[in-house]
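Report on one structure; see the data block that follows.
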Amino acid sequence: MDINFDDISKMFGKKAKEYAGDKEKTSKLLRDAAKKANDLEKKKGPLEEIWYNIQLLFGMVKDWISGEYKAIPVGSIVVIIIGLLYFVSPVDIIPDFIPGGLVDDALVLGLVIKQVKSDIDKYKVWKESY
């Protein structure tokens, strides 16, 4: 399966920029993504391998929304929001209801984590010292 983040960015980039400018919308998106992730975590599956980083990612966005954490570039927030929009979107490369249908969600979140890894690492240090 070939998932290209540039294609996903084209699908969700404009909407992600709107969300980045509206922390209330981003907060709802984060709640929706966290609910889906928690439901999936119970089943394990493809998200299990990146679960820890997903939790850090969600925590970083939550702390950014609240204003407690400000050391994340807006471009990274947009990339994260693109991933969250894809994750909660019913329009997937592989529909979630098909066996193995969560693999694309895990791959997209994995790509997001890879792109913002240095920001996640900085957030982790901040969170541990906070």
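The values are calculated or read from the model by the stated rules, or taken from the named source; none is laboratory data. Note that this is a predicted model, so its numbers are computed, not measured. Glycine also receives a Cβ, built like all others from the backbone with ideal geometry; neighbour counts cover every protein chain displayed.
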Checklist outcome for this item: Note on ALA16: of the conditions (1) touching a helix residue (DSSP H, G or I) at 6+ places or on another chain (Cβ under 7 Å); (2) farther than 19 Å from LYS114 by Cα; (3) at pLDDT 90 or above, unmet is (2)
Checklist entry - Can you pull out the residues in segment 59-73 that are part of a helix (DSSP H, G or I) and either surrounded by fewer than 18 Cβ atoms within 10 Å (Cβ to Cβ) or in contact (Cβ under 8 Å) with a residue 60 or more places away in the chain (or both)? => result GLY59, MET60, LYS62, ASP63, ILE65, SER66
